[in-house]
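Shown next, in structure tokens, is the structure this report addresses.
The values are calculated or read from the model by the stated rules, or taken from the named source; none is laboratory data. From a predicted model like this one, the values you see are computed outputs, not experimental measurements. Positions of Cβ are backbone-derived with ideal geometry, glycine not excepted, and every protein chain shown enters the neighbour counts. Areas reflect the complete protein model, heavy atoms only, side chains present, ligands, DNA and RNA absent. Shrake-Rupley method; radii C 1.70, N 1.55, O 1.52, S 1.80 Å.
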Amino acid sequence: MERTPETRAELPVLPVHVAIIMDGNGRWAQQRGLPRVMGHQKGTETVRVVKDTCLDLKIPYLTLYAFSRENWKRPKAEIEFLMNLLDRYLDSEMEGLAKEGVRFRTIGDLTSLHPRIQDKINALKARTERNTLLHLTLALNYGARQEILQAVKRFSKNALEAGSSAVDKINALDVKIFEQFLDTAGIPDPDLLIRTSGEMRLSNFLLWQCSYSEIYVSDKMWPDFGREDFVRALREFAERERRYGAVS
Ligand code: IPE
Ligand code: IPE
Ligand code: MG
């Protein structure tokens, strides 16, 4: 992967955390008369391109929506293909990610995944847990509403365990404390949320965390989304004025 210091110079403001809804794999394939799953296969190349660009530009957090809670509604064969693809991705990336300084993380409920895949995920997490250059988070069997509910349950149990001071814990609950119970605890909120394929919706992705994210929609299908497209999104991000409710 070529280094592009000039790109950094033209991007005075870079996001700390980029989150991406990788969409349009199926349509990419269908437009070419291929089975939908070929788009998923091709899409893994884009995952590498985006990950390498983050490493090159020193963007420290990248979160990718790989499989939603709602994606279980898809045909069994497509789900199986996606799971096998994940399995192979974990095998092929293990060494590379570890050497590149990438810390691998996940959000979402892994317990519904095949035990073999869970083992590989845990191995990759353990192998890379000391890495800090890029926190690469895959959202797997992820749904934001379910994540928030899960956080409420975790918090409630934690408060109940406090016995007589449970009410104090509930009264003291604030945004910062609540965030510690989300799957994304320790990960800053996304500064930039990208969705490919032109769809303008969140599809149950990071509903809490994207409260103040800058949204960028690309018309490109995910397999066609290249380094130039990613840099175009970053360039637009650099020009946005983030006001957080205040006046400029
Ligand atoms: C995104 O591409 C990948 C996943 C949701 C796993 P899609 O499979 O949603 O592709 P389209 O949106 O049908 O084209
Ligand atoms: C969102 O894409 C999920 C992922 C990218 C993993 P979908 O293709 O599933 O979303 P909808 O169905 O168009 O909202
Ligand atoms: Mg889609």
Can you give me the Cα centroid spacing of region 79-93 and region 96-167 in angstrom? 19
Applied in sequence order to region 193-198, the curve 6.51 cos²θ - 1.76 cosθ + 1.60 (Karplus, θ = phi - 60°) yields integer Hz couplings, x standing for Gly and Pro, of 10, 10, 10, 8, 6, x
Using a 10 angstrom cutoff on alpha carbons, build the Gaussian network for the chain and name the most mobile of Arg32, Arg227, Arg105. Arg32
Along region 20-25, what does the Karplus equation 6.51 cos²θ - 1.76 cosθ + 1.60 (θ = phi - 60°) give for ³J(HN,Hα), rounded to whole Hz, x for Gly and Pro? 10, 8, 7, 10, x, 4
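With r as the distance between the Cβ atoms of Val13 and Val175 and R0 = 30 Å, compute the FRET efficiency 1/(1 + (r/R0)^6) and round to 0.05.
Working: r = 24 Å, r/R0 = 0.82.
In this case the efficiency is close to 0.75.
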Determine, for each peptide in 217-223, 84-90, 156-162, the mean count of other beta carbons within 10 angstrom over its residues, then list the peptides with the highest first. 217-223, 84-90, 156-162
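Leaving out ligands and nucleic acids, and using a 1.4 Å probe, what accessible area per residue does the chain come to in Å²?
On the way: 12810 Å² over 248 residues.
Here the per-residue accessible area is 52 Å².
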Determine which aspartates and glutamates satisfy two conditions relative to Lys176: a Cα distance under 15 Å, and not lying fewer than 8 residues away in the same chain. Asp189
If each DSSP helix of 4+ residues adds -39,500 (n - 2.57) and the sum is divided by the residues in the chain, what number results at 222 nm, nearest 500 deg cm²/dmol? -15000 deg cm²/dmol
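Using packing as a proxy for protection, rank 233-241, 192-200, 172-180, 34-42 so that the peptide with the highest average count of other Cβ atoms within 10 Å comes first. Each step should come with its number before you reach the end.
Values: 233-241: 14.8, 192-200: 19.6, 172-180: 11.3, 34-42: 18.0.
Top to bottom by mean Cβ count within 10 Å: 192-200, 34-42, 233-241, 172-180.
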Accessible area of the chain with a 1.4 Å probe: how many percent of it is carbon plus sulfur? 53
In percent, what relative contact order does the chain have, based on Cα pairs under 8 Å that are 6 or more apart in sequence? 29
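Over 32 Å between Cα atoms, which of Lys42/Lys125; Lys73/Lys169; Lys99/Lys169 qualify?
Working: Lys42/Lys125 25 Å; Lys73/Lys169 39 Å; Lys99/Lys169 42 Å.
Lys73/Lys169; Lys99/Lys169, as the Cα separations exceed 32 Å there.
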With the chain treated as a Gaussian network of Cα nodes joined by springs under 10 Å, which of Asp109, Asp91, Asp23 yields the largest mean-square fluctuation? Asp91
Quick one: what are the phi-derived ³J(HN,Hα) couplings along region 86-101, Karplus 6.51/-1.76/1.60 with θ = phi - 60°, whole Hz, x for glycine and proline? 4, 4, 5, 4, 4, 4, 6, 9, 2, 5, x, 4, 4, 6, 6, x
